[in-house]
Amino acid sequence: MTDFQQLCYDTLEQYVPAGSVITYKGLAKLINHPNAYRAVGSAMNKNPFAPRVPCHRVVKSNGELGGLADDISVKIKRLQKEGIQVVNNKIIDFDEICV
């Protein structure tokens, strides 16, 4: 695991509680690498600590879910378990729950 990946995981755990989401770009900004949103996506895809490190809470800037290393239905189930509504692979009330 790289230092960058560990920084992504630590920051995600610390700043994005259950019932909230953050965008790939938002997480990149939090770790002071504002243009590294693709690298953040790659780190989330390689997350060996899921679901403890909640990569399912990282989504696209338009509220769409993006991917998950496993199956997108797993991401949907984890989000719904936290009270987040998902319709057609998009988060309902995205602006209200996005950190």
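Fully extending the segment from I72 to Y15, taken as 0.36 nm per residue of separation minus the present Cα-Cα distance, adds 18.2 nm. Among S42, S73, a tally of other beta-carbon atoms within 10 Å of each Cβ gives an order, fewest to most, of S73, S42.
Residues R57, R38, ranked from the fewest to the most other C-beta atoms within 10 Å, line up as R38, R57.
Here the extension length gained between S61 and K81 equals 5.0 nm, from 0.36 nm per residue of separation less the Cα-Cα distance. Computed about its Cα centre, the charge dipole of region 1-57 is approximately 200 debye, with only Lys, Arg, Asp and Glu carrying charge at their Cβ. When T11, T2 are arranged by Cβ crowding within 10 Å, least crowded first, meaning fewest neighbours, the order is T2, T11.
Quick note: the coordinates plus some simple rules give every number you see, no bench work behind them. Because the structure is a prediction, the values reported are computed rather than measured. Positions of Cβ are backbone-derived with ideal geometry, glycine not excepted, and every protein chain shown enters the neighbour counts.
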